[in-house]
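The values are calculated or read from the model by the stated rules, or taken from the named source; none is laboratory data. Keep in mind the model is a prediction, meaning the values are calculated, not measured. Note that each Cβ is placed from the backbone with ideal geometry, even for glycine, and that neighbours are counted across all protein chains shown. The area values use the complete protein model at the heavy-atom level, side chains included, leaving out ligands, DNA and RNA. Shrake-Rupley method; radii C 1.70, N 1.55, O 1.52, S 1.80 Å.
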Amino acid sequence: MRKLINQLLQQGKLLRFTAVLATLLVVYLSLKSPDPESKPWSFFFIRGDLILHFACYFTLAIIYYLALFNYEKTVQKALILSILVGFTLESMQLIQVFNRFFDLKDLLANFFGSSVGIIIIQFLFSHSIQD
């Protein structure tokens, strides 16, 4: 199994394609107009959308790491790329056309999700990381 995983990571085409698709999905979900009938929810006093932001960027950071596995400084590139995507999309919500609103808490949830994803990757792949 380990050999198969290593082969997938070395080839990388499928993982890079997955990263592009995941990024496009995040762009769509971040910029689409909200459903006026949706009701806000929370989990242990944390806004539900913050949990979704955290989970989304946690996953995105991991996908970016796997897609960039064969490159130098993979950890740093994956972290910077996921944070940059989060910052750019949250900033684009300032544009009235998208009918969305900038929220600093969303931006912080994006950052923490990306950071925790990278920390988990460093723990799981510590034997493979040469950075």
So, by mean Cβ neighbours within 10 angstrom, what's the order for 53-59, 88-94 with the highest one leading?
-> 53-59, 88-94
Convex hull (Cα only) mean projected area of the range 46-131, reported in nm² to one decimal = 5.8 nm²
At most 13 other Cβ within 10 Å, DSSP loop - chymotrypsin sites (Phe, Trp or Tyr not before Pro), the range 61-107 = 71, 101, 102
Taking the simple approach of a point 7 Å from Cα along Cα-to-Cβ for both residue 88 and residue 73, what is their distance in nm?
-> 1.8 nm
Residue-normalised value, i.e. accessible area per residue, for the range 19-116 at 1.4 Å probe, in Å², stands at 64 Å²
Extension gain, residue 18 back to residue 97 (0.36 nm per residue minus Cα-Cα distance, nm) = 25.6 nm
